[in-house]
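The structure under discussion appears below in the form of structure tokens.
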Amino acid sequence: IARTADILVVAIGRAKAIGRAFVKPGAVVIDVGINRLPDGKLAGDVDFDDVLDVAGYVTPVPGGVGPMTITMLMQNTLKAAEQANK
């Protein structure tokens with residue numbers, strides 16, 4: 001099923017679990033997962049190097065969706081504070 005997706009969002013909690021066999025050629029792959037490897041390095045749920053030449057675009061880990069996640073959390077915190085002060 002994953003291989004049929006034009007946009008594949010991965011958040012399964014297992015380092016490098018998704019490889020090229022799961023990715024439709026040209027698909028956009030958004031890696032939401034972040035895992036610490038035994039050597040201390042960070043890795044996503046997608047095997048970035050394996051899918052790089054298959055996917056049309058793939059987000060890196062670290063440095064992919066993390067900054068957007070933080071931005072949205074801050075925006076929601078500000079909105080909640082504004083509503084609490086009404």
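Before moving on, here are some points about what is shown:
- Beta bridges per DSSP, both residues in the chain: antiparallel share near 20 percent.
- A Cβ-based charge dipole, computed about the Cα centre of the chain with Lys and Arg at +1 and Asp and Glu at -1, lands at about 260 debye.
- Kirkwood hydrodynamic radius computed over the chain comes to 14.0 Å, based on all pairs of distinct alpha carbons.
- Highest mean packing first, where packing is the average number of other Cβ atoms within 10 Å per residue, the peptides 70-83, 36-49, 15-28 line up as 15-28, 36-49, 70-83.
- Angle between the chain longest axis and helix 66-84 axis [Cα atoms, degrees, rounded to 10]: 20
- Where segment 21-68 is the region considered: accessible area per residue in Å², 1.4 Å probe: 56
- Entry note, the chain: the mean residue ellipticity at 222 nm calculated from DSSP H runs of n ≥ 4, each adding -39500 (n - 2.57), is -8000 deg cm²/dmol after division by the residues and rounding to the nearest 500.
- Rounded percent of accessible protein surface that carbon and sulfur make up, the chain, 1.4 Å probe: 61
The values are calculated or read from the model by the stated rules, or taken from the named source; none is laboratory data. Keep in mind the model is a prediction, meaning the values are calculated, not measured. All Cβ positions, glycine included, derive from the backbone under ideal geometry; neighbour counts span all protein chains shown. These area figures cover heavy atoms from the full protein model, side chains too; ligands, DNA and RNA do not enter into them. Shrake-Rupley method; radii C 1.70, N 1.55, O 1.52, S 1.80 Å.
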